[in-house]
Amino acid sequence: MKIARKLERLMAMDDTTWARHANPWSGWTRMPILPLLALSIWSRIWIGWWCLLPVLALVVWTYWNPRAFPEPVSTDNWMSKVTFGERVWLNTGVHPIPDHHGRMASYLGTLAGSGLVPLIWGLWVLNPWTVLLGLVITVMGKLWQMDRMVWIYQDMKSQVPEYAAWLR
């Protein structure tokens, strides 16, 4: 949770940015960032130090993405609710979420993060199967955590009027 809050501050997420990030295009276009980052790092064997250009482009895209799309007309979709759940989860200091959600979200974040170990190692030693294993663990863990974020939002919107107002 502390890491997530630090990332939120690093990304300079304010209410306007969160509203724009609720656009499903924002969420879905973030999904390929990690595989593309892995490919960019792997490409050092083909293009040498030039691999830093796509890495830099992906870092810039990661920051700009929540700002790149307009506020959605409708937020009644899975990806928008993922974004809402992330906001709810980050706001537990103000409106606590049920313990079972907090624990599970943390476990799933740990699962997703654990995939980074084989991913980084595979990229270091240029082992494609280890890279693939790391990507599968990380992406599947993240997708599962995203689904938990929808569940958190669904449970909390009836308790906090501000959260319910995000849905349109």
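The values are calculated or read from the model by the stated rules, or taken from the named source; none is laboratory data. The shown structure was predicted, so the numbers you read here are calculated from the model rather than taken from an experiment. Positions of Cβ are generated from backbone atoms using ideal geometry, with glycine treated the same way; all protein chains shown enter the neighbour counts.
Within segment 91-168, considering only helices (runs of 4 or more DSSP H) that don't extend past its boundaries, which have at least 2 residues that are in contact with a helix residue (DSSP H, G or I) (Cβ under 7 Å, 6 or more places away or on another chain), of a type in the set (Ser, Thr, Tyr) and touching a residue at least 40 places away in the same chain (Cβ under 8 Å)?
In segment 91-168, the matching helices (runs of 4 or more DSSP H) lie at 128-156.
Could you please find all residues in segment 117-143 being surrounded by 15 or more Cβ atoms within 10 Å (Cβ to Cβ) and within 18 Å of residue 86 (Cβ to Cβ)?
Matches in segment 117-143: 138, 139, 141, 142.
If you check 96, 66, 70, which single one turns out to be buried (at least 19 other Cβ atoms within 10 Å of the Cβ) and out of contact with any Leu (no Cβ under 6 Å at 6 or more places or on another chain)?
Only one candidate qualifies: 66.
Identify, from the list 110, 83, 75, the residue that is of a type outside the set (A, V, I, L, M, F, W, C) and touching a His at 6+ places or on another chain (Cβ under 9 Å).
83
Looking only at segment 75-83, decide whether some residue is closer than 30 Å to residue 45 by Cβ and at pLDDT 95 or above.
Scanning segment 75-83, I find no residue that is closer than 30 Å to residue 45 by Cβ and at pLDDT 95 or above, so the answer is no.
Considering only residues of segment 18-33 that are among the polar types (S, T, N, Q) and under 14 Å from residue 74 (Cα atoms), which is nearest to the chain's Cα centre (by Cα)?
My answer is 26.
Does segment 73-93 hold any residues that are within 25 Å of residue 140 (Cα to Cα) and either hydrophobic (A, V, I, L, M, F, W, C) or in contact with a Leu (Cβ under 9 Å, 6 or more places away or on another chain) (or both), and which are they?
Listed by number, the residues that qualify are 75, 76, 78, 79, 80, 81, 82, 84, 88, 89, 90.
Restricting the first residue to segment 54-71 and requiring it to be β-branched (Val, Ile, Thr), which pairs with a second residue that is part of a helix (DSSP H, G or I) and surrounded by 14 or more Cβ atoms within 10 Å (Cβ to Cβ) meet a Cβ separation below 9 Å and a spacing of at least six or different chains?
55/37; 55/40; 55/41; 59/37; 62/30; 62/33; 62/37
When segment 146-166 is examined, which residues are found to be of a type in the set (A, V, I, L, M, F, W, C) and either within 16 Å of the chain's Cα centre (by Cα) or farther than 14 Å from residue 91 by Cα (or both)?
Answer for segment 146-166, where residues must be of a type in the set (A, V, I, L, M, F, W, C) and either within 16 Å of the chain's Cα centre (by Cα) or farther than 14 Å from residue 91 by Cα (or both): 146, 149, 150, 151, 152, 164, 165, 166.
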